[in-house]
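Reading through the structure tokens given below for one structure.
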Amino acid sequence: MEKLTQQSKMNTRLLIFPAPFQGHVTPMIHLANLLYYKGFSITVIQSTYNALNPVSYPHFTFCLLNDGLCEAYDKCPPPKAFKILDDLNANCMEPFRDCISQIMKDASAEDQERVACLIIDPVWSFPGDVANSFNLPRIALRTGGLSTYVVYESLPLLREKGYFPPNEKNLNDTLLEFPPLKLKDLPGEEHYDLITCMLRETNTARGIICNTFEDLEDAAIARLRKTLPCPVFSIGPLHKHVPASKVSIWKEDQTAIDWLNTKAPNSVLYVSFGSVAAMTEDEFNEITWGLANSEQPFLWVIRPGLIQGSENYMLPNGFKDIVSKRGHIVKWAPQQRVLSHAAVGGFWTHSGWNSTLESICEGVPMLCLPFLGDQSMNARFVSEKWKIGLQLERGMKRDEIEKAIRKLMVEEESKELRSRIAYLKEKSEVCLMEDHSSHKSLNMLTNYILEL
């Protein structure tokens, strides 16, 4: 995609405000890159916690908010992601207001570039009030899927019907209003306030940008376009619009690619549970032996904090001898490069939306082990709606894990999974072509921003 001329930019600047977690930063920076290539100037507003290095993005202007958390949370990821989000929301509002004030003042004084709008991650609780005080239009980026958003919007109704919060006695019951979801797939009661905030900040925005595409979530897109008071722009998959750029909070271990280069096509299981999820030591050990006993090659991301209460890990005695050169472990991997590698034939994932979408785009079937938030719903859609993966439950034993890995990688069922996800991969490519859904929606978004 060629960058537009300076004249085509119409001297328009966009403000981008990502939440400082890997799964939220990634789509926001992909969006920022896309809009930059469409001709807009970009200012990224970010907290000091997990801040991106501006040197890696010379085409953006950066504004840093002092969140006061560097000493309290000097580890990445934090022990409790929801706790740090609460602290960020409490500490960043005034620095954010000062930042917006200075940006608007500079834009007025220079009389060159107008600030068209603010694009936010709606897990921030305060940008709406601040933007309104400056008469600054605000657009929300939905970093998760739209099918889960529809469920979130329905939580008050589900509460009235007695579905939410889920009852321990009927967790395996199908949620009749949203098949194939089960009651246990609904978010926990502890997430209700965050969901309410996210819905408010999204539904009061002037528009919603969605990292999804019509052939994947057509029903949810159509429903929200009917019910929401603002336009919905489904322009995903975001990471496929423009040349890929590194959007990683942590250093990526490139030995993952070197190791994959030595493996046969479709032979490797890539294992990564994202940037926030944490498991017990017992779960870790069962996964370890499940991988070993499966006899399948694997690339495993074991980041600091993956085991609850510990920054480090210890592999069981005898594991390395059994696995030998069949397994490779890194702290963090260049995931998009890994998933697009010919050697990768399966992805064991926590079912975060970015990972799910990236796996679909590369045609890699999934083994799903959700941990929190919308991950259980994503996993259910992968396994039972789109039927492009298999779902595991927390606490599974090594023999069950071994069987699931072999089913995904080498048994007859794997052929059906690969066929279905290859179809969706093709759809994810077609939607970006001229006059197709995501391409048209992107053009509509560009015009909409210019008219604000």
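Quick look at the values:
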item	result
Expected 222 nm ellipticity per residue - DSSP helices of 4 or more, -39500 (n - 2.57), all of the chain, to 500	-12500 deg cm²/dmol
Accessible area of residue 30 in the full protein assembly, 1.4 Å probe (Å², nearest 10)	10
Projected area, mean over directions - region 19-157, Cα convex hull, nm²	9.8
Extension gain from residue 262 to residue 109, taking 0.36 nm per residue of separation minus the Cα-Cα distance	49.3 nm
Highest to lowest packing among 313-319, 217-223, scored as the average C-beta count within 10 Å	217-223, 313-319
Relative contact order (%) - the chain, alpha-carbon pairs under 8 angstrom, separation at least six	15
Cut-off under 5 Å, modelled amide H: who pairs with residue 139 long-range	118, 119, 120, 206
Under the span-like rule (Cα at least 30 Å along the axis, Kyte-Doolittle mean at least -0.5), DSSP H helices of the chain	81-110
Reachable aspartates and glutamates from residue 184, criterion Cα separation under 20 angstrom, eight or more residues apart if same chain	153, 160, 168, 173, 193, 283, 374, 384, 393
Cα-based convex hull volume of region 254-428 per residue, rounded to whole Å³	103
Pairs from 251/403; 240/387; 169/397; 246/403; 246/320; 320/397 whose Cα-Cα separation, in the structure shown, is over 25 Å	251/403; 246/403; 246/320
Highest to lowest packing among 38-51, 390-403, scored as the average C-beta count within 10 Å	38-51, 390-403
Solvent-accessible heavy-atom area per residue, rounded to whole Å², over the chain at 1.4 Å	43
Portion, in percent, of the accessible area of the chain that falls on carbon or sulfur, probe 1.4 Å	49
For region 292-390: span of alpha carbons on each principal axis (Å, largest first)	40, 34, 24
Listed peptides 327-336, 302-311, 16-25 by packing density, highest first (mean Cβ within 10 Å)	16-25, 327-336, 302-311
For the chain, projected area of the alpha-carbon convex hull averaged over all directions, nm²	21.4
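The values are calculated or read from the model by the stated rules, or taken from the named source; none is laboratory data. The shown structure was predicted, so the numbers you read here are calculated from the model rather than taken from an experiment. With ideal geometry, Cβ positions are generated from the backbone for all residues, glycine too; neighbour counts draw on all protein chains shown. The protein model used for the area step is the full one, side chains on, heavy atoms only, and it has no ligands, DNA or RNA in it. Shrake-Rupley method; radii C 1.70, N 1.55, O 1.52, S 1.80 Å.
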